[in-house]
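Below is one structure, written out as structure tokens, with a few remarks after it.
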Amino acid sequence: MTTSSGAERRLRQLAEVLEDKKRLLVLTHDNPDPDSIASGWALTKVVRKVGKLQADLAYAGIIGRSENRTLTRILRVPLRPLDSINLADYDAFALVDSQPQTGNNSLPEGVIPTIVVDHHPCREETKKSPFYDVREDYGAAASMLAEYVTAAEVKVDRRLATAMFYAIKTETLNLGREASRADTRAFVKFFALVDNEALSQIENPPISRAYFRMVDQAIAGTHLHGDVAVTRFGDVNNPDMVAQFADLMVRMEKVHWALTMGRFERDLLLSIRTNLPTANAGRIIQQVVAEDGKAGGHGMMAGGKVPLEGMTPARVRDMETQLKNRALDLLGAKRRGSRLVAPRKKN
């Protein structure tokens, strides 16, 4: 449990680190989710208040999920594509909901971030940063930023409150997944300020036909191996679909683990989900990816990325099979599985 004095101490340390800085760029993880977006937005407001410097928010990749696009649009989140920014304009960088060398952010090569705020297990590379706050007992990074916002006496309008509430809600599945008392406090705090009309639009956005085609493709590529569901998408036009489908598959009856894989641009993306509270999905996916890429996560959810640059199509398929077999072996499941849905018979 973090006391108000603890939050104030961190705030003082943050101000000291930023004392000689002029302009900070806050980076979400690539293809950002609500937690990364809301946390980054909150951090820019905190930094402007305590550091008296300009702070901007940027992301790399795409915002693919309809809910996330609607969130950024309807709440007018000041989030800019990284490729539209001149990095030379900044003398400080921050990472939220991510850490250096995890493979899921676009921190410039060789740059040590001035600030790191994250709720995943702390990495050695992170400890090189002048200021890092990593608390894996928190279910959402937004819950951590809520403490900074309060300590800095940042004015929370309905837009920011809605973004923060939705971030905690989705990251912890309504406080039902890896939520701490701090997550509950922040959830209740922001709930009182939510713009319910905006929240309804975010949670129920228009869905493109391409989404349904991807779902059909995913179902066709899913095999069941006992209590493990494995999905091989093939190519995806939206990286968020990999994690989104894993979230769906782990809800299936008698399934305790879901692994999804999809190729996006030059990378193979992986997501693992489990509904076992005592499991460690982060450790599992790191063992699955091993030296072939980078991965991370925590108890019930994790993700990874394997670069495919220079691989032939046959080599890519072999890599997918290797990763699948490693996961099945680690989870004690048989390699031979059955299709989720039998192929349609041709008329």
Listed pairs K21/K128; K189/K294; K127/K324; K128/K155 exceeding 27 Å between Cα atoms: K189/K294; K127/K324; K128/K155
Dipole of the chain [Lys/Arg +1, Asp/Glu -1 at C-beta], most positive-end residue of A88, L308, T184: L308
Proximal charge balance of R263 [Cβ under 15 Å; K/R count +1, D/E count -1]: -2
Longest to shortest principal axis, alpha-carbon extents of segment 210-339, angstrom: 38, 34, 26
Cleavage-rule hits (trypsin sites (Lys or Arg not before Pro)) in segment 110-188: DSSP loop, at most 12 neighbouring Cβ within 10 angstrom: K155
Neighbour-count order for F191, F93, fewest beta carbons within 10 angstrom listed first: F191, F93
Relative contact order (percent, whole number), segment 210-339, Cα cutoff 8 Å, 6+ residue spacing: 23 percent
The chain - percent relative contact order, Cα under 8 Å, separation 6 or more: 14 percent
With eigenvalues of the C-alpha gyration tensor scaled by 5 and rooted, segment 4-203, Å: 23, 19, 16
Dipole magnitude (debye, nearest 20) for segment 100-179, charges at Cβ of Lys, Arg, Asp, Glu: 260 debye
Using θ = phi - 60° and Karplus 6.51 cos²θ - 1.76 cosθ + 1.60, couplings along segment 164-179 (whole Hz; Gly, Pro as x): 5, 4, 5, 4, 5, 4, 6, 5, 9, 6, 6, 6, x, 10, 6, 8
Acute angle (nearest 10 degrees) that the helix 209-220 long axis makes with the longest principal axis of the chain, alpha-carbon atoms: 50 degrees
Segment 139-186: proportion of alpha-carbon pairs further apart than 18 angstrom, %: 23 percent
Helical contribution to [θ] at 222 nm, DSSP H n ≥ 4, -39,500 (n - 2.57), averaged over the chain, rounded to 500: -12000 deg cm²/dmol
Amide hydrogen neighbours beyond the local backbone of V116, cut-off 5 Å, H modeled: L95, F131, Y132, D133
Mean shadow area of the chain, taken as a quarter of the surface of its Cα convex hull (nm²): 18.3 nm²
Rounded to 10°, Cα long-axis angle of helix 313-330 versus longest principal axis of the chain: 80 degrees
The chain, dipole about Cα centre (Lys/Arg Cβ +1, Asp/Glu Cβ -1), debye to the nearest 20: 940 debye
Among A198, V230, N104 the positive-end extreme of the charge dipole of the chain (Cβ point charges): V230
Estimated dipole of segment 4-203 in Debye, rounded to 20 [Cβ of Lys and Arg +1, of Asp and Glu -1, Cα centre]: 600 debye
Fewest-first sequence of T231, T126 by Cβ atoms within 10 Å of each Cβ: T126, T231
Positive-pole candidate from S271, G221, A243, dipole of the chain, charges at beta carbon: G221
Residues with amide H under 5 Å from that of Q54, placed H, sequence gap 5 or more: L24
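Since every read-out is calculated from the coordinates, none of them should be taken as a lab result. Computed from a prediction, not measured in an experiment: that's the story for all the values here. Methodologically, a virtual Cβ is constructed for each residue, glycine included, from the backbone with ideal geometry; neighbour enumeration extends over all protein chains shown.
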